[in-house]
Amino acid sequence: MNATTAMRTETMRESRFRSVLKGLTWRFLATGTTILIALAITGDIRPALQIGAVEFVAKFLVYYLHERAWAQVPLGAVRRQFGVAEVGE
């Protein structure tokens with residue numbers, strides 16, 4: 001890894017806005033799946049939607065906090081910590 005790549009790796013971070021967008025798009029897909037599963041089990045749309053609503057809020061918050069925690073870790077830091085070679089080395 002050259003100095004420019006190392007510097008870029010150290011300073012690149014995912015923005016909060018990107019984390020929110022990723023969380024929202026994933027939650028729509030995952031919550032839709034949860035609603036369909038709940039509907040298949042209960043046979044009733046009302047509890048399926050209630051389960052989906054609670055699941056959406058809870059898991060979006062957990063995902064966002066997880067993303068922000070990882071955003072604090074510089075890119076490549078985990079590989080360096082564990083001595084794992086980067087792809088192409």
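Taking the numbered list (1) modelled with pLDDT under 85; (2) part of a helix (DSSP H, G or I) in turn, Gln50 passes all entries but (1).
Just a yes or no: is a residue in the stretch 24-45 surrounded by fewer than 11 Cβ atoms within 10 Å (Cβ to Cβ), of a type outside the set (Phe, Trp, Tyr) and either touching a strand residue (DSSP E or B) at 6+ places or on another chain (Cβ under 8 Å) or within 23 Å of Arg13 (Cα to Cα) (or both)? Yes, the stretch 24-45 contains at least one residue that is surrounded by fewer than 11 Cβ atoms within 10 Å (Cβ to Cβ), of a type outside the set (Phe, Trp, Tyr) and either touching a strand residue (DSSP E or B) at 6+ places or on another chain (Cβ under 8 Å) or within 23 Å of Arg13 (Cα to Cα) (or both).
For the stretch 14-45, filtered to residues that are more than 15 Å from His66 (Cβ to Cβ) and outside any helix (DSSP H, G or I), the residue that is nearest to the chain's Cα centre (by Cα) is Ser15. One residue stands out among those in the stretch 63-89 that are surrounded by 11 or more Cβ atoms within 10 Å (Cβ to Cβ), among the hydrophobic types (A, V, I, L, M, F, W, C) and not in a loop (DSSP other than H, G, I, E, B): the one that is modelled with the highest pLDDT, which is Leu65.
The values are calculated or read from the model by the stated rules, or taken from the named source; none is laboratory data. Everything numeric here is computed off the predicted structure, so don't read it as measured data. Every residue, glycine among them, receives a Cβ derived from its backbone with ideal geometry; neighbour counts consider all protein chains shown.
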